[in-house]
1. I332 - would you say it is at pLDDT below 85, buried (at least 16 other Cβ atoms within 10 Å of the Cβ) and over 32 Å from the mean Cα position of the chain (by Cα)?
2. Residue by residue through region 45-74, note down the ones that are within 19 Å of I17 (Cα to Cα) and aromatic (F, W, Y).
3. Can you spot a residue in region 70-87 that is at pLDDT below 95, over 16 Å from Y111 (Cβ atoms) and out of contact with any strand residue (DSSP E or B) (no Cβ under 7 Å at 6 or more places or on another chain)?
4. Those residues that are closer than 22 Å to L145 by Cα and of a type in the set (D, E), I need them from region 366-393; list them, please.
5. Take L41 and decide whether it is among the aliphatic types (A, V, I, L, M) and not in a strand (DSSP E or B).
6. Within region 392-424, count every residue that is over 27 Å from S207 (Cβ atoms), part of a helix (DSSP H, G or I) and either touching a Lys or Arg at 6+ places or on another chain (Cβ under 7 Å) or among the hydroxyl-bearing types (S, T, Y) (or both).
7. Can you confirm whether region 291-301 contains a residue that is in contact with a strand residue (DSSP E or B) (Cβ under 9 Å, 6 or more places away or on another chain), in the same structural domain as G224 (by TED's automatic domain parsing), at pLDDT 65 or above and over 19 Å from E257 (Cβ atoms)?
8. Evaluate region 257-275: report whether one residue or more is over 20 Å from N212 (Cβ atoms) and modelled with pLDDT under 60.
Amino acid sequence: MNNDNICALATPAGGAIGIVRVSGPEAISITNSIFNKDISLVKPNTVHYGEIIDKDGSTIDDVLVTVYRAPHSYTGEDSAEISCHGSAYILNKVVHTLIDAGCRQAEPGEYTKRAYLNGKMDLSQAEAVADLVSATNRASHKMALSQLKGHFSSELSILRDQLLKITSLLELELDFSDHEELEFADRGELMQLAQKIHQRITTLAKSFETGNALKEGIPVAIIGKTNVGKSTLLNQLLHEDKAIVSDIHGTTRDVIEDTTEINGITFRFIDTAGIRQTEDKVEQLGIERTFKKIDEATLILWLIDSIPSFEEIKNIQERCTDKKLIIVINKIDSNDSSANNIINQLTTATPTLQHLEISAKLGTNISQLEQALYTAANIPEINENSVIVTSARHYEALTHANESITRVIDAMEADLSGDLISEDLRICLEQLSEITGGQITPNEVLGNIFQHFCIGK
C-alpha cells in the first residue's frame, strides 16, 4: 500500500462549487500548510472557514475545509476536503498548490482503491461505487446502491459460512478417521446443504442476464418491411429526430441505435434496415445486420402496415424463438388503412401474440406501446435490498464456483473420500472470495477493476 499523500478534483469544473480531496498520512498537515488557519489539532468531522494561500502568499480563494481523521473517512486515512468556488482556474490552482506542498495527483479510482485496501469496503462494494457514479436510470442506481450497502457481500458471506461448515466437518472426520465409532459428518445433511448452496449460486448467476440488461439497456429491435415506418417509430420512442425518414424504400441501410427511459428502465432501441428482396449490395448488408440484431435483442417490435403472409409470420416467429415478440400495426391514421381487417386475420393466425395499433406519424398510442414494452421486459421489483449481479467478473466467479459445488454434490453421491470433496470445497471458497477480495488479490486484477474509475473517486 502507498503511504504517500494524494489530491484530486472531486467535482467537474464549471459549477458554482468545486471540491478538492486530499488523503494520506500527512493530508491534514499538508492542507494546514496552505490554509490561513491552524487545523492541525481540530476535531474530526468538522468544517472550517478560511483562505487557501499559494506559495507566494497570495490568496487563491475563500474556502471551507472539512477534516476527517483515520479510520473514520472514506479512504480510512486522514483526509480533507476543500470546498471552493467552481472556477476551473481556482480549482486547478488549489490542486497545484497542494502538489507543491507535498501531494501527488491521484490516479483514477485511487481513493476507492485505498478504501478497499484499508478495509473500508470489500471489492464488490468498491466496484459498486463506479456503477453508482455512472448510473443512468432508477434501476441501475438501486442495484448499485444495494451492492454498495453490502447486500451482495452478505449473500456471499452466508454461502462462505455454509461452505466452511461442510469443509470443517469433513476435515474433522479425516483427522479422526481411525476412530470408526465417531461420526462427525452426516453425508445426508451435508448433501442438503451443498444442494442449497448450489441453488443459491445458480440463482445469483442467472440474475446477471437481468442485471446486465438493466445496466446496459434492454435491447429492442424494430423490424419490418421497407417504408413501414420503423424510423418514424424510433423517433417517436426517442422523442427526437434520430433517424432519417423518407418515402424512398431502403432509406435506412444500417442499424441505428439509441436509448430512452421508460418507467425508470433504460431501453436500447435498434432501428434496422427494412427486410425485402433486393439486388443492392449495401442494402443487403444492412438486412444481414438486421437479422444479427434480432439475435441480440430481448424484445422484438414487428412493425406492419398490411397483412403478412403465412410464410412471413412463420419466418419471423422462427427467428424470434425465446424472445418477446410484439406485432405493431402502423398507419392507423391512413384513410385507406385496413387495420381492423389486419387485426382480425392476425388474431386468427397468431392468437398467442400481442397486437397493438399505432400511428407512428401522429404519435397515436405510443404511450400504450411503451407500457407494453415495460410489461414485456418482465422487470423484477428492484429496491435497495435487491441482490442482482451486474458485473461480468462476478458472473464468471459464480459460474466457476457453481462448477465446483456441482463436483462436490457428484462426489457425495458417488460416496468418494472426504479429502477429494474438501479440495473442491476449497476451490469453491476461493472462487467466491475473488468477488469480494477476501483473499490476496493480484495487482493486475485491482488495476483492471479501478482503471475505469474517474479521477477523484
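The values are calculated or read from the model by the stated rules, or taken from the named source; none is laboratory data. Treat the numbers as computed from the prediction; the structure is a model and nothing was measured. Don't worry about glycine lacking a Cβ; one is built from the backbone with ideal geometry, like all the others, and counts go over all protein chains shown.
1. On the way: at pLDDT below 85: yes; buried (at least 16 other Cβ atoms within 10 Å of the Cβ): yes; over 32 Å from the mean Cα position of the chain (by Cα): yes.
Yes, satisfied.
2. First, pick out the residues of region 45-74 that are within 19 Å of I17 (Cα to Cα): 46-53, 59-67.
Result: Y49, single match.
3. Within region 70-87, one or more residues are at pLDDT below 95, over 16 Å from Y111 (Cβ atoms) and out of contact with any strand residue (DSSP E or B) (no Cβ under 7 Å at 6 or more places or on another chain).
4. Of everything in region 366-393, those that are closer than 22 Å to L145 by Cα and of a type in the set (D, E) turn out to be E381, E384.
5. Values: among the aliphatic types (A, V, I, L, M): yes; not in a strand (DSSP E or B): yes.
So L41 fits the description; yes.
6. Final tally of qualifying residues: 1.
7. So far as region 291-301 goes, no, none of its residues is in contact with a strand residue (DSSP E or B) (Cβ under 9 Å, 6 or more places away or on another chain), in the same structural domain as G224 (by TED's automatic domain parsing), at pLDDT 65 or above and over 19 Å from E257 (Cβ atoms).
8. Going residue by residue through region 257-275, those that are over 20 Å from N212 (Cβ atoms) are 271-275.
This time we only want the ones that are modelled with pLDDT under 60, so: 274-275.
Within region 257-275, one or more residues are over 20 Å from N212 (Cβ atoms) and modelled with pLDDT under 60.
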